[in-house]
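The values are calculated or read from the model by the stated rules, or taken from the named source; none is laboratory data. Since the structure is predicted, the reported quantities are computational estimates derived from the model, not experimental observations. Note: ideal-geometry Cβ built from the backbone for every residue, glycine included; neighbour counts use all protein chains shown. Quick note on the areas: whole protein, heavy atoms, side chains included, nothing else; ligands and nucleic acids left out. Shrake-Rupley method; radii C 1.70, N 1.55, O 1.52, S 1.80 Å.
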Amino acid sequence: MNNVVEDFKNAKLDLSHYEAWQMWLIGAIGLALMFVGYKIKRVAFFIIWFLLGYIGTGYLLPIINGNLPDIAGSSFWQGLIPILGGLLLGLMGFMVEKICIAGVTFGLTIMMTAQYFGTEMQPMIIGAIIGAVLAGFATMMIKPATIVATAVAGAYALTLAVLAIGSSNLNGSDLFWPMIIGFSALGSVVQFMTTRHDL
């Protein structure tokens with residue numbers, strides 16, 4: 001048990017095991033979520049949950065490999081496990097809208113906390129508290145929250161894709177938050193403008 005905890009604490013989100021086409025696909029999905037997330041919100045929730053599951057399972061893949069060495073050397077399992085994790089969470093996208101938007105908000109907060117601040121106990125607890133507060137606000141303002149959540153989810157996916165594809169030329173630690181904030185703002189503005197009659 002202690003080994004699993006230590007593995008989790010030391011794990012980093014390593015995007016190097018994803019192939020270039022996977023990152024291009026994640027980037028394209030991110031663009032769609034950023035700009036039309038509210039209009040396709042049922043599909044968007046599935047996609048967001050799929051991405052959270054896919055990327056989250058990729059984050060846990062070194063731990064899974066450490067505990068199941070038989071699959072560590074299999075490219076089949078290394079490709080399939082993140083997809084299964086994505087599909088498992090993606091099915092949650094068809095649940096009740098308020099639960100879905102609360103879960104997406106909380107999940108995105110935890111994912112970004114782990115990505116940028118690491119998986120030490122203190123930042124994860126702070127991230128969980130902030131995520132819970134944001135999830136509560138999101139359920140009170142469901143339509144604007146859906147726009148912002150889909151824009152942020154799209155921005156997150158697009159940022160990961162851009163940083164992975166351009167890793168040799170871009171400094172991810174310096175650009176991570178500015179890119180997410182900039183992409184999120186752009187996506188939110190576009191969605192608010194194109195759905196103003198729907199609000």
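Report whether or not Gly85 is touching a helix residue (DSSP H, G or I) at 6+ places or on another chain (Cβ under 6 Å), open to solvent by less than 80 Å² (accessible area, probe 1.4 Å) and at pLDDT 80 or above.
yes
Which one of these is at pLDDT below 90, among the aliphatic types (A, V, I, L, M) and open to solvent by 10 Å² or more (accessible area, probe 1.4 Å): Leu160, Leu170?
Leu170
Okay, residues lined up against (1) over 19 Å from Glu97 (Cα atoms); (2) aliphatic (A, V, I, L, M); (3) surrounded by fewer than 22 Cβ atoms within 10 Å (Cβ to Cβ):
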site	(1), (2), (3)
Ala128	yes, yes, yes
Met140	no, yes, yes
Ala149	no, yes, no
Gly166	yes, no, yes
Phe176	yes, no, yes
Ile181	yes, yes, yes
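Identify all residues within segment 33-58 that are modelled with pLDDT of 90 or more and open to solvent by 40 Å² or more (accessible area, probe 1.4 Å); write none if there are none.
Answer for segment 33-58, where residues must be modelled with pLDDT of 90 or more and open to solvent by 40 Å² or more (accessible area, probe 1.4 Å): Phe35, Val36.
Residues Ala145, Ala132: which one is in contact with a helix residue (DSSP H, G or I) (Cβ under 7 Å, 6 or more places away or on another chain), open to solvent by less than 40 Å² (accessible area, probe 1.4 Å) and either more than 21 Å from Phe35 (Cβ to Cβ) or in a helix (DSSP H, G or I) (or both)?
Only one candidate qualifies: Ala145.
A quick yes/no check of all residues on (1) aliphatic (A, V, I, L, M); (2) over 14 Å from Ala28 (Cα atoms):
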position	(1), (2)
Thr150	no, no
Ala153	yes, no
Asn171	no, yes
Asp174	no, yes
Gly182	no, yes
Val189	yes, yes
Met193	yes, yes
